[in-house]
Each structure stands twice: as C-alpha cells, then as structure tokens.
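A.B. asks: Here it is: the structure, laid out below.
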Amino acid sequence: MRTRATTITAVLLLALTACSSSDDDTSADPKPSAPTTSSTPSSEPSSAPSSGDDPLETAVKEYTEAYFAAEASTAHRMLSERCRKEINPLVYGETLRQAKKDYGSDHPATDVTAEVSGDLARVSYKIEGLPKFDQQAQPWAREDGVWKYDAC
C-alpha cells in the first residue's frame with residue numbers, strides 16, 4: 001500500500017510540474033515576454049497586469065480548483081486535446097483523489113501572470129498554502145477559443 005501511495009504521489013507531482021520548466025523549450029513554445037492578460041490572438045506578445053477577468057487566468061483558477069477538489073471529469077476536460085490523449089482518465093482521477101486526500105481541496109491559484117503568444121501561453125502562479133506546487137512558465141494552449149492546460 002505504501003508503494004501505491006508513493007507512486008500516486010509521484011504521479012501527482014509529475015502532473016503538476018510536467019513541462020513547467022523553460023529548460024526544455026522548443027520552437028513551438030511561446031517566447032518569454034512580460035505578463036499579460038490578452039485573450040485575443042496576436043502575432044506579438046502583449047503585456048499587462050492580470051485583471052482577474054481574463055479568460056486565461058479564469059481557466060488556470062478553475063483547473064486548479066477542480067484539481068485539488070478531485071473533480072476529475074472537470075479537470076480532465078480542461079486538458080488540451082494532446083494531453084487528454086496522453087493522460088488516462090482513470091489514473092488521472094486517482095491522482096486527483098490522492099491530492100485531495102494529501103493536501104485538502106482549498107488551494108486556489110493566486111498571482112497569475114502569463115506570457116501569451118497567439119494561442120500559446122506560459123503561465124506562472126502560486127498555489128495558496130502549497131508553495132512547493134507554485135508554477136513557473138507552465139504551458140497552456142487555446143483550443144477553439146478556450147484555454148486548456150497543456151503541461152503533459
């Protein structure tokens with residue numbers, strides 16, 4: 001049972017931190033720029049402080065809330081198409097249930113900033129009460145006008 005808990009915890013950490021490092025940037029990833037809340041496609045990154053009503057910031061907050069509340073179907077739907085193909089919904093659901101058990105459900109995303117380039121973004125934010133899960137340059141992608149978590 002301890003091995004299972006360790007494995008689930010490892011999967012949880014991987015799910016929260018996968019692809020968030022800028023060390024493995026590829027040419028398909030957006031280039032760093034100042035924080036932005038722009039939700040309109042642009043060929044140039046835009047910059048502005050986050051206002052709280054930005055669709056990307058809202059998506060990040062909703063995804064984080066669903067994740068720690070173990071709302072697996074909601075969180076899985078918020079994954080990019082690419083990630084939904086890679087992440088087994090049953091394993092993902094178990095990962096979220098373990099996260100809720102280990103950390104509780106009240107850990108909202110705060111201080112959300114984003115570097116947006118067209119339909120790709122790198123988002124940085126804090127997880128209230130769990131600084132070890134704070135994110136830097138986490139990939140997100142806009143699909144059909146909706147921002148999706150793309151760090152798989």
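The values are calculated or read from the model by the stated rules, or taken from the named source; none is laboratory data. Bear in mind that the values here come from a model prediction, so they are computed numbers and not experimental data. With ideal geometry, Cβ positions are generated from the backbone for all residues, glycine too; neighbour counts draw on all protein chains shown. Note: areas computed on protein heavy atoms with side chains; ligands, DNA, RNA excluded. Shrake-Rupley method; radii C 1.70, N 1.55, O 1.52, S 1.80 Å.
A.B. asks: Out of all the residues in segment 100-110, which are over 15 Å from PRO55 (Cα atoms) and either crowded, with 17+ Cβ neighbours inside 10 Å or in contact with a Phe, Trp or Tyr (Cβ under 9 Å, 6 or more places away or on another chain) (or both)? Even if it seems obvious, please write down each step before you answer.
C.D. replies: The initial filter retains those residues of segment 100-110 that are over 15 Å from PRO55 (Cα atoms), namely 100-108.
Result: LYS100, TYR103, GLY104, SER105, ASP106, HIS107, PRO108.
A.B. asks: In addition: Here are some residues: GLN98, GLN138. Which one is more than 14 Å from GLU65 (Cα to Cα) and out of contact with any Asp or Glu (no Cβ under 9 Å at 6 or more places or on another chain)? Don't jump to the end; show me each part of the working.
C.D. replies: Numbers: GLN138 fails: out of contact with any Asp or Glu (no Cβ under 9 Å at 6 or more places or on another chain).
Going through GLN98, GLN138 in turn, just one is more than 14 Å from GLU65 (Cα to Cα) and out of contact with any Asp or Glu (no Cβ under 9 Å at 6 or more places or on another chain): GLN98.
A.B. asks: Regarding ALA151, is this residue assigned to a loop (DSSP other than H, G, I, E, B), modelled with pLDDT of 95 or more, under 14 Å from the mean Cα position of the chain (by Cα) and surrounded by 17 or more Cβ atoms within 10 Å (Cβ to Cβ)? Walk me through it before giving the result.
C.D. replies: On the way: assigned to a loop (DSSP other than H, G, I, E, B): yes; modelled with pLDDT of 95 or more: yes; under 14 Å from the mean Cα position of the chain (by Cα): yes; surrounded by 17 or more Cβ atoms within 10 Å (Cβ to Cβ): yes.
Taking the combined requirement at face value, the residue satisfies it.
A.B. asks: Still on this structure, I have one more. I'd like the full set of residues that are among the acidic types (Asp, Glu) and in a helix (DSSP H, G or I), limited to segment 53-94. Give the steps one after another, and end with the answer.
C.D. replies: So the first thing to find is which residues in segment 53-94 are among the acidic types (Asp, Glu), and the list is 53-54, 57, 62, 65, 71, 81, 86, 94.
Within segment 53-94, GLU57, GLU62, GLU65, GLU81, GLU86, GLU94 qualify.
A.B. asks: Restricting attention to segment 55-69, which residues are over 15 Å from ILE127 (Cβ atoms) and either modelled with pLDDT under 95 or open to solvent by 20 Å² or more (accessible area, probe 1.4 Å) (or both)?
C.D. replies: Listed by number, the residues that qualify are PRO55, THR58.
Listed here are the residues, each with its yes/no results for (1) touching a residue at least 12 places away in the same chain (Cβ under 8 Å); (2) of a type in the set (Gly, Ala, Ser); (3) open to solvent by 10 Å² or more (accessible area, probe 1.4 Å).
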| residue | (1), (2), (3) |
| --- | --- |
| GLN98 | yes, no, yes |
| THR113 | yes, no, yes |
| ASP119 | yes, no, yes |
| VAL123 | yes, no, no |
| LYS126 | yes, no, yes |
| ASP134 | no, no, yes |
| GLN138 | yes, no, no |
